[in-house]
Amino acid sequence: MFAGHQPWPKIERVHELYEYDPQDGSFIWRHHNSLRWVGQVAGYIDKLSGMSRIRVDGVQYHAHHLAWALFFGEFPKGDVHHRNFITNDNRIENLEEVLEPNSIYVD
């Protein structure tokens, strides 16, 4: 399921599952199960959009939204764009919140 119209997850839950590195934009698993290990890179790159996606309790979210929330402590009020237009570059320095709906960049 993709979170197009789903409510945001609790930031505490995202933090419980993942460690976000703002320097390189990666998400790392904090817990393991039969499919993943602690320290393993989390998420995947969507083949159509090129964006990184992360699952939280079975719901997919764009990684850049989760990165924003983990770094700033709240989900964006608008959209989050990639300054360099590389849609899987989720370093915090590459992310910017965009509040106007008529942006030329489509997320």
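The values are calculated or read from the model by the stated rules, or taken from the named source; none is laboratory data. Note that this is a predicted model, so its numbers are computed, not measured. Methodologically, a virtual Cβ is constructed for each residue, glycine included, from the backbone with ideal geometry; neighbour enumeration extends over all protein chains shown.
Could you list, in sequence order, all residues of region 2-61 that are polar (S, T, N, Q) and either exposed (fewer than 15 other Cβ atoms within 10 Å of the Cβ) or in contact with a Lys or Arg (Cβ under 7 Å, 6 or more places away or on another chain) (or both)? Walk me through how you get there before you give the answer.
First pass over region 2-61, keeping only residues polar (S, T, N, Q): 6, 23, 26, 33-34, 40, 49, 52, 60.
Gln6, Gln23, Asn33, Ser34, Gln40, Ser49, Gln60 - these are the residues of region 2-61 that are polar (S, T, N, Q) and either exposed (fewer than 15 other Cβ atoms within 10 Å of the Cβ) or in contact with a Lys or Arg (Cβ under 7 Å, 6 or more places away or on another chain) (or both).
Does Tyr61 satisfy the condition of being hydroxyl-bearing (Ser, Thr, Tyr) and in contact (Cβ under 8 Å) with a residue 40 or more places away in the chain? First the steps, then the outcome.
Working: hydroxyl-bearing (Ser, Thr, Tyr): yes; in contact (Cβ under 8 Å) with a residue 40 or more places away in the chain: yes.
In short, yes.
I'd like to verify a number: residues in region 45-64 that are closer than 16 Å to Ile86 by Cβ and not acidic (Asp, Glu), how many? Working first, answer last.
Initial filter on region 45-64 (closer than 16 Å to Ile86 by Cβ): 45-53, 62-64.
Subsequent filtering for residues that are not acidic (Asp, Glu) retains 45, 47-53, 62-64.
Selection size over region 45-64: 11.
Looking at Glu100, Glu74, Glu93, can you tell me which residue is out of contact with any Gly (no Cβ under 7 Å at 6 or more places or on another chain), acidic (Asp, Glu) and not in a loop (DSSP other than H, G, I, E, B)? Spell out how you get there, then give the answer.
Values: Glu100 fails: not in a loop (DSSP other than H, G, I, E, B); Glu74 fails: not in a loop (DSSP other than H, G, I, E, B).
Step by step, each of Glu100, Glu74, Glu93 is checked, and only Glu93 is out of contact with any Gly (no Cβ under 7 Å at 6 or more places or on another chain), acidic (Asp, Glu) and not in a loop (DSSP other than H, G, I, E, B).
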Q) Looking at region 23-32, is at least one residue assigned to a loop (DSSP other than H, G, I, E, B), modelled with pLDDT of 95 or more and under 12 Å from the mean Cα position of the chain (by Cα)? A) yes
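When the residues of region 44-99 are narrowed to those that are small (Gly, Ala, Ser) and at pLDDT below 95, which ends up nearest to Ser26 (Cα to Cα)? Show your work before the answer.
Here is the first cut: in region 44-99, the residues small (Gly, Ala, Ser) are 49-50, 52, 58, 63, 67, 69, 73, 78.
Next cut, at pLDDT below 95 only: 49-50, 58, 78.
Working: Ser49: 18, Gly50: 15, Gly58: 19, Gly78: 22 Å.
Among residues in region 44-99 that are small (Gly, Ala, Ser) and at pLDDT below 95, the one nearest to Ser26 (Cα to Cα) is Gly50.
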Q) Restricting attention to region 47-73, and to residues there that are under 12 Å from the mean Cα position of the chain (by Cα) and among the charged types (D, E, K, R), which single residue is nearest to Glu12 (Cα to Cα)? A) Arg55
